[in-house]
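As structure tokens, the structure follows; a few thoughts come after it.
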Amino acid sequence: MFGTLKPHSCGLACDRRHAYATFYCGLCKGLGDHFGTATRALLTYDAVFLALVVDGLMVERAAPDTCRCPMLPLVHRPTVRPDSVAMRYASAMQLLLVDQFLADRSEDGKRVAKVARPLLSSRVTHAYAMLGELGVSMDEVRGFEQVQARVERSLDADGHAASEPTRRALGLAFERMTGLPGVSEEVASDGAREALRELGRALGGAIYLIDALDDLEKDHASGAFNPCLVPGRKGRGRVVSWPRVARVWDALVADLTALDALAHTLPLLRHRDLVRAVVVGELRRTARAAAERAHAYARAEGERERQAMGVFARGLSSLVAAFVFAWVWLLSHTAYAQKGETKSKDASVDASANDASAPPSWLPKLPKPTPSPSESASPPSGDPPGVDPALDPTATPPSGGAKGKGDRPEVKGKGGSGRGCGCLDACGGFRSCCNDCPICKGSDPCASCCKCGNGKDCCNCCDSCKGCDGCCK
């Protein structure tokens, strides 16, 4: 991603903006002097940032100079000398950056990149030679695009894993600055070398992750690799993953925080404010803008997925509702049929109860007791012993007419008084109620009592004449 390392000029004074412009124009002149005028079109802010860091590590600053601007030939721009260490190192690194940019596009199948990269091969070779003259070897970055492509072919690579090759490459580029001629003794120490390597790694990670967030929509449409995309289900290609977007942003925040701390600890003799304007000012603004675009696109994709799934969800919910309705209807229909069957059974019970000769159908059939020899003989005359004639249901009422309500005998049992059977008033007597009265046999509460078939004992032991259960047993 070219042009990321641009300073936030709003916070700089006029003299500091002028200092940055001298390095920008000086690098443009250095590219033309070392690699040809056409290469001046390859100038980027990233290489200017490298020149600022290198010049800040030098004991002697780069000498000033002037040059004619190719865009305005009548204007002479103030610059630094193109043969300075900072300009030579930054010019060579600019050619390597462009070569890797074209190599990455060639791996993605871009035809223009495949045609343009061979045209720069001789200049790239010259750039490696120039770095060798400065005592720096960057042979480790040869074939960098193949390493990055292997990582990106792994569809499960997240943001940190995918950015690791870029971290190593830029970490190496900044670490090798300590071997340049003219650096201070403090820069040559192990602590300074470690700080510069960490600066390069954090910058490499931040640049890669910002590019991933910024190009999310474009990569999703073209099918290119992006750490925010995951393989979709059922051959749907790659889809936006909201957790991946969140993890990329978290990793980016960690890199920006590290850059903020490193900007204070770098062994710079000058240009610290310009370096901070890049890594703390503009880089944070660029990262936030890229994250906002990526989050907005991820939300839009999520809403689009929900709308696409809405048709399926509505159809599924309709099927579920129809199944529930059919099940409830079936259960209610079965319950209604069972209720009707119960009613018909009750009606048959009532009909059998009205028939004096037929026992109720629900009454369990008990075996007939075998009579003893004494019982098989003719019954003795007179009243059975131990039975009060007044309570005998088979006895006829005494002379003098039927008993009235006040003359009815009190029959108290476990469930209360026999007067609870309201049919006694209608029949005019206890015996006729439980044996002869048709009203009593077909009504409640005495119906269940009279169904017991044993008269007096039933109404004495039943619980308020509620039924024969427990009594007849």
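The values are calculated or read from the model by the stated rules, or taken from the named source; none is laboratory data. The structure displayed is predicted, hence computed values, not measured ones. For neighbour counting, all protein chains shown are included, and Cβ atoms are generated from backbone atoms with ideal geometry for every residue, glycine included. In case anyone asks, the SASA skips ligands and DNA or RNA and just uses the protein heavy atoms, side chains included. Shrake-Rupley method; radii C 1.70, N 1.55, O 1.52, S 1.80 Å.
Which of the following residues is closer than 23 Å to Q100 by Cα, at pLDDT 90 or above and in a helix (DSSP H, G or I): L209, L274, L256, L262?
L209 is the lone residue from the list that is closer than 23 Å to Q100 by Cα, at pLDDT 90 or above and in a helix (DSSP H, G or I).
I need every pair where a residue in the range 170-187 that is farther than 12 Å from L131 by Cβ and free of Cβ contacts under 8 Å to residues at least 60 places away in the same chain has its Cβ under 9 Å from the Cβ of a residue that is surrounded by 20 or more Cβ atoms within 10 Å (Cβ to Cβ) and charged (D, E, K, R), sequence separation at least 6 or different chains.
Sorted first by the residue in the range 170-187, then by its partner, the pairs are L170/R201; G171/R197; G171/E198; G171/R201; E175/R197.
Filtering the range 212-253 down to residues that are among the basic types (K, R) and part of a helix (DSSP H, G or I), which residue is surrounded by the fewest Cβ atoms within 10 Å (Cβ to Cβ)?
Only one residue fits best here, namely K218.
Those residues that are of a type outside the set (V, I, T) and not in a helix (DSSP H, G or I), I need them from the range 73-116; list them, please.
Across the range 73-116, the qualifying residues are P73, L74, H76, R77, P78, R81, P82, D83, S84, D108, G109, K110.
Quick check on D55: is it closer than 15 Å to F174 by Cβ, in a helix (DSSP H, G or I), of a type in the set (D, E, K, R) and at pLDDT below 95?
The answer is no for D55.
Output the residues belonging to the range 144-196 that are part of a loop (DSSP other than H, G, I, E, B), among the aliphatic types (A, V, I, L, M) and surrounded by fewer than 18 Cβ atoms within 10 Å (Cβ to Cβ).
Across the range 144-196, the qualifying residues are L155, A157, A188.
Among the residues of the range 134-155, how many are in contact (Cβ under 8 Å) with a residue 40 or more places away in the chain and acidic (D, E)?
Going through the range 134-155 one residue at a time, the tally reaches 2.
Among the residues of the range 66-106, what is the count of those that are under 18 Å from A47 (Cα atoms), of a type in the set (S, T, Y) and open to solvent by 10 Å² or more (accessible area, probe 1.4 Å)?
Qualifying residue count, the range 66-106: 1.
Of all residues being touching a residue at least 24 places away in the same chain (Cβ under 8 Å) and under 39 Å from the mean Cα position of the chain (by Cα) in the range 100-133, which is farthest from D33 (Cα to Cα)? Just the residue, please.
Per the stated criteria, the residue is D108.
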